[in-house]
Amino acid sequence: MSFEVEVKYRRVDHDRLVRKLAELGADAKGSVEQEDSYMNHPSRDFAVTNEAFRIRRVGDDNRITYKGPKHAGPTKTREEIEIPFAAGPEPLGGLVRLFETLGFQRVATIRKQRESFHLRFEDHDLEIALDRAENLGDFAEIEAIAADAADLPRAQRAVLELAKLLELNDVENRSYLRMHLEGRSTESA
């Protein structure tokens, strides 16, 4: 079982980060539009169980992702299962309709522009994502995949040390979904 290990930072200067990542030799992977449709289970509330289930479009590619409950620690760490499925808008719409027919409810759709970088750092392959999330702002995420539970401390250390090197310190613990939902409830109040 692999684990996603990540930390998100707010109030970031994307131009400065691009320069610093280039100095470190990070590989720029380009920019892509992402759209995430978050679904809630018909018989358990993922907000209560601290899980997430989404159907994601990345450009023309599609994937479905389950994220397990968060583990304690200095980073957001959780099991992640991600499976690609057929590309294009028809398979995406069909899968959303399938889950809605089975009783899942769409909670929200989050759109963002993501510029990605890859960097080998402290024996881990890290992904650095510079996100411009619609109606939420600019963020940076640093992510590693821990191969198993024994690898978690090393993966967490790599993420946190790179953040320190990049001078990222304004941690945003909430997911984009949580920020969106909290913003929506503030607007309706």
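All conditions in (1) without any contact (Cβ under 8 Å) to a residue 40 or more places away in the chain; (2) exposed (fewer than 12 other Cβ atoms within 10 Å of the Cβ); (3) part of a strand (DSSP E or B) hold for Val48, with the sole exception of (3). Taking each residue of segment 16-28 that is without any contact (Cβ under 8 Å) to a residue 12 or more places away in the chain and looking for partners that are outside any strand (DSSP E or B) and open to solvent by 70 Å² or more (accessible area, probe 1.4 Å) with beta-carbon atoms closer than 9 Å, six or more apart or interchain, yields Arg16/Glu167.
Does any residue of segment 112-127 turn out to be within 18 Å of the chain's Cα centre (by Cα), outside any strand (DSSP E or B), over 19 Å from Leu21 (Cα atoms) and not β-branched (Val, Ile, Thr)? No, that holds for no residue.
All conditions but one from (1) at pLDDT 95 or above; (2) of a type outside the set (A, V, I, L, M, F, W, C); (3) on the phi > 0 side of the Ramachandran plot; (4) open to solvent by 70 Å² or more (accessible area, probe 1.4 Å) apply to Arg11; the one that does not is (1).
Of everything in segment 106-152 that is hydrophobic (A, V, I, L, M, F, W, C) and free of Cβ contacts under 8 Å to residues at least 40 places away in the same chain, the residue that is surrounded by the fewest Cβ atoms within 10 Å (Cβ to Cβ) is Ala150. Of the numbered conditions (1) acidic (Asp, Glu); (2) closer than 19 Å to Ser2 by Cα; (3) at pLDDT below 95, Glu182 fails exactly one; give the number of that condition. Result: Glu182 passes all but (2). When each of Gly93, Gly73 is tested for being touching a helix residue (DSSP H, G or I) at 6+ places or on another chain (Cβ under 8 Å) and either surrounded by fewer than 14 Cβ atoms within 10 Å (Cβ to Cβ) or not in a strand (DSSP E or B) (or both), the lone residue that passes is Gly73. For Glu51, the conditions (1) at pLDDT 95 or above; (2) touching a Gly at 6+ places or on another chain (Cβ under 7 Å) are fulfilled apart from (1).
With respect to the conditions (1) part of a strand (DSSP E or B); (2) surrounded by 14 or more Cβ atoms within 10 Å (Cβ to Cβ), Val159 lacks only one, and its number is (1).
The values are calculated or read from the model by the stated rules, or taken from the named source; none is laboratory data. Every value quoted in this text rests on a predicted model; they were computed, and no experiment measured them. A quick note on method: Cβ atoms are made from the backbone with ideal geometry, for glycine too, and the neighbour counts reach across all protein chains shown. Accessible surface areas use protein heavy atoms only, side chains included; no ligands, DNA or RNA. Shrake-Rupley method; radii C 1.70, N 1.55, O 1.52, S 1.80 Å.
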